[in-house]
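Visitor: First, the structure itself, so that you have it in front of you.
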Amino acid sequence: MHRQMAAAAAAWAPPLLLVLVLLSAAAPRLCAGQALVPGVMIFGDSVVDAGNNNRLATLVRADFPPYGRDFPATHAPTGRFCNGKLATDYTVESLGLSSYPPAYLSEEAQSDNKTLLHGANFASGAAGYLDATAALYGAISLGRQLDYFKEYQSKVAAVAGEKRAAALTSGSIYLVSAGTSDYVQNYYVNAMLAAAYTPDQFADALMQPFTAFVERLYGLGARRIGVTSLPPMGCLPASVTLFGGGGGGGGGCVERLNNDSLAFNAKLQAASDAAKKRHSDLKLVVLDIYNPLLNLVADPMTAGFFESRRACCGTGTIETSVLCHQGAPGTCANATGYVFWDGFHPTDAANKVLADALLLQGLQLIS
């Protein structure tokens, strides 16, 4: 655990000169009220799902109170696994877009193709790099998410024309968040899978579907892709509840799970580097979420938080929706001081901090 804390203290930071150059280049467009990119496309799991699971027959849902209680204007559930905004919502705002990419399966997106002209959200809670992970929970697999994206491209072309549709596809930023469900909701609770693979072998096994996803996304026209690393899985309240016992490391996190995250992240970086070598026009950035979140857990007060171990709404034993509901005992009155909203997901306030860290890392995607 001490090694992890040291790594957190030395969290990735882009060279200052690069940041200043990229920010100065972007400033005129922002000052003129222009978005830095034509759109944002979002794929992955519950960390970025904006409501697609609302339309599915799955228990992995967030379409009821107290989810969304701090979401601007409505203060109502949106399908986001959060009390308010996701990190991707803050990213979209920072890029200058005037609206959030709608959940592709939402009534809004399905009834009016014009709402899709600045991107869409295809993510589904409990999806993973393995199609089998999504199947366990009735979620939309990454492969199916890409099918929807291809359908989306046709809809945009029909309403905006082929030229604008092509420009939207090539110029948009693509954000991908996956992998945590493959471990926490599949590998760690699946005796057959755990018997077939060591954690390191399982990480290797996930690189094939990751690479296949990136190659297919590239084939559909994506050129600017940001993929998040795994978080410190051993620090999620649900992980501590499920796997802590006597095998946890210092500081309350489960060290073996955090080590699995680090091993996966190293392989993810290598697989991403290999993809960039195959495609000279591909901008592919691995966005480190591990260190920023570990920093919040290890030293919450520096960022203005006071609780980083216990979730505001439930602590997590099976899945979020089962634990966090309107009558959940102990649900906090004010989530702004909490790092975690429920057993798996950060609060709105923590998402803002994480989004700022990820934006700096992803500046090269908008240059």
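Visitor: Which percentage, to the nearest 5, of the DSSP beta bridges contained in the stretch 34-365 is antiparallel?
Guide: Taking every DSSP beta bridge with both residues in the stretch 34-365, the antiparallel ones total about 5 percent.
Visitor: Also, I was wondering about something else. Pick out, from SER154, MET192, ALA350, the residue whose Cα sits farthest towards the positive end of the charge dipole of the chain, with +1 on the Cβ of Lys and Arg and -1 on the Cβ of Asp and Glu.
Guide: So the residue we want is SER154.
Visitor: In terms of Cα to Cα distance under 24 Å, which lysines are near enough to LYS277, apart from those fewer than 8 places away along the same chain?
Guide: LYS277 reaches LYS267.
Visitor: Pop a pseudo-label 7 angstrom from the Cα along the beta-carbon direction at both ASP204 and ARG144 and give the gap in nm to one decimal.
Guide: According to this spin-label approximation, the distance is 3.1 nm.
Visitor: Could you give the angle, 0 to 90 degrees to the nearest 10, between helix 199-219's Cα long axis and the longest principal axis of the Cα atoms of the chain?
Guide: Its long axis makes an angle of about 10 degrees.
Visitor: Go ahead and run the numbers for FRET between ASN190 and GLU151, Cβ-Cβ distance against an R0 of 35 Å, rounding to 0.05. Show your work: numbers first, answer last.
Guide: Numbers: r = 31 Å, r/R0 = 0.90.
E(calc), rounded to 0.05, equals 0.65.
Visitor: With a point put 7 Å past each Cα toward its Cβ, work out how far ASN334 is from ASP281 in nm, to one decimal.
Guide: 5.2 nm
Visitor: Among the aspartates and glutamates, select those whose C-alpha is under 16 Å from the C-alpha of LYS155, and discard any that sit fewer than 8 residues away in the same chain.
Guide: Output for LYS155: GLU107, GLU108, ASP112, ASP147.
Visitor: Report the charge-dipole magnitude of the chain in Debye, nearest 20, computed about the Cα centre from +1 at each Lys and Arg Cβ and -1 at each Asp and Glu Cβ.
Guide: On the way: 25 positive and 28 negative charges, 139 e Å.
The calculation lands at about 660 debye.
Visitor: A follow-up question, please. If I stretch the segment between HIS325 and HIS75 completely, what's the gain in nm (0.36 nm per residue apart, minus their alpha carbon distance), one decimal?
Guide: Details: separation 250, 0.36 × 250 = 90.00 nm, distance 1.50 nm.
My answer for the length gained is 88.5 nm.
Visitor: Also: Identify all lysines with a Cα-Cα distance to LYS85 below 20 Å; exclude those on the same chain that are fewer than 8 residues away in sequence.
Guide: LYS352
Visitor: What is the extension gain from ASP63 to SER98, computed as 0.36 nm multiplied by their sequence separation minus the C-alpha to C-alpha distance, in nm to one decimal?
Guide: Numbers: separation 35, 0.36 × 35 = 12.60 nm, distance 2.37 nm.
Roughly 10.2 nm would be gained on extension.
Visitor: Sticking with this structure for a sec: Below 8 Å between Cα atoms, with a sequence gap of 6+, how large is the relative contact order for the stretch 34-365 in percent? Intermediate values should be presented prior to the final figure.
Guide: On the way: 677 pairs, mean separation 61.6, N = 332.
After rounding, I find 19 percent.
Visitor: What is the extension gain from ALA135 to ASP273, computed as 0.36 nm multiplied by their sequence separation minus the C-alpha to C-alpha distance, in nm to one decimal? Don't skip to the end; give the middle numbers.
Guide: Working: separation 138, 0.36 × 138 = 49.68 nm, distance 2.94 nm.
46.7 nm is the gain from fully extending ALA135 to ASP273.
Visitor: Still on this structure: Run the simple label-point estimate for GLN110 and ALA303 please: 7 Å along Cα→C-beta, distance reported in nm.
Guide: Inter-label distance under the simple model: 3.6 nm.
Visitor: Here are several values of Kirkwood radius over Cα pairs in Å: (i) 21.1; (ii) 20.6; (iii) 23.5. Which one was derived from the coordinates shown?
Guide: Given (i) 21.1; (ii) 20.6; (iii) 23.5, the structure-derived one carries the label (ii).
Visitor: Which one, LEU282, LEU217, LEU193, has the greatest fluctuation when you compute a Gaussian network model over the chain with C-alpha springs under 10 angstrom?
Guide: LEU193
No value in this document is a laboratory result; all are computed from the given coordinates. What you see is a predicted model, and the numbers here were worked out from it, not measured in a lab. Note that we place each Cβ from the backbone using ideal geometry, even for glycine, and neighbour counts take in every protein chain shown.
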